[in-house]
Amino acid sequence: MISVLIPTKGRPQLLKEALASLRRQTFPHYEALVVDDGEGEGLEVVASMNDLRFRAFPNPGRGQVEARLQALAQARGEVVLFLDDDDFFLDPAYLYRVWRILSREEAVVYGEGVLYLGDGEIPFAPGEMGDWILTDNRILASGTALPRRLLGELRGLDPDMGDYWDWDLWLRAYRKAVPFRYLKGRGLGIRVHGANQSHGNRQAERRIFLERLRGKHGLPPLELKDHLSLALEAQALGQTR
């Protein structure tokens, strides 16, 4: 079974759309663990959907990492997959593709997505894993999955990394030579807006977490980037070739 971990805060309609996209998956063996980090709107959404595969909990801590840790503590699946409450699945076979890989080997599976800007869209293709992971976090957290046992071996999620909890995890896996498997195609829809990291808001606070990440992993000086800027960089490089 795949346990889908979804932290949420104050975005009930977007959460409902994320869960609806999960319902459209052709792979039936999953559960969704929604952890509400706000005023309880997420708990109400899950209750209203009346789906036994969806479970919701209040966040006993504070913030997105603690919410994911609470979801992880409740997970029953052999595989865990991260999904933000404002993102959604485009490929109805995405979970099946993840399971087909992780039922055979221990790896980190990540995919391609589409950035939705409100007035348009930009494809986001991270590419096959390489040493770019030491300078850029191209991997979309939403849609990335790994065995729960492997996540435990990697010592789980580090709340001290804040916005960069995901990059920290990918770096630990990369340095332990864990295989990374790349799913091509329009797998995930990623909404880019002023309230999420893909937009690159809260720069001063994010810089603090970025310096923590750099210190923890001994990385060179890092430029503050987001998924939108990475996608635009890729587009510019493609146009100059």
Discussion item. Tell me whether the range 109-122 contains one or more residues that are hydroxyl-bearing (Ser, Thr, Tyr) and open to solvent by less than 10 Å² (accessible area, probe 1.4 Å).
Written reply: yes
Item to complete: Among the residues of the range 188-209, write down those that are touching an Asp or Glu at 6+ places or on another chain (Cβ under 8 Å), at pLDDT 90 or above and over 14 Å from ASP84 (Cβ atoms).
Response: GLU205, ARG206, PHE209
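Going by what's in this entry, would LYS16 be described as open to solvent by 40 Å² or more (accessible area, probe 1.4 Å) and within 26 Å of ARG206 (Cα to Cα)?
The answer is no for LYS16.
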Practice prompt. Select from the range 82-100 the residues that are touching an Asp or Glu at 6+ places or on another chain (Cβ under 8 Å), closer than 28 Å to GLU66 by Cβ and open to solvent by 10 Å² or more (accessible area, probe 1.4 Å) and list them in ascending order.
Written response: PHE88
Worksheet entry | The listed residue being outside any strand (DSSP E or B) and out of contact with any His (no Cβ under 8 Å at 6 or more places or on another chain), out of PRO60, PRO7 | PRO60
Worksheet, complete the sentence: Every listed condition ((1) crowded, with 22+ Cβ neighbours inside 10 Å; (2) part of a loop (DSSP other than H, G, I, E, B); (3) not acidic (Asp, Glu)) holds for GLY77 save (1)
Worksheet item: Do you know which residues across the range 137-165 are of a type in the set (Asp, Glu) and part of a loop (DSSP other than H, G, I, E, B)?
Response: ASP158
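The values are calculated or read from the model by the stated rules, or taken from the named source; none is laboratory data. Quantities reported herein were computed from a predicted structural model and do not represent experimental measurements. FYI the Cβ positions are ideal-geometry reconstructions off the backbone, even for glycines, and counts take in every protein chain you see. Note: accessible area is taken over every heavy atom of the protein model, side chains too, but ligands, DNA and RNA are not part of it. Shrake-Rupley method; radii C 1.70, N 1.55, O 1.52, S 1.80 Å.
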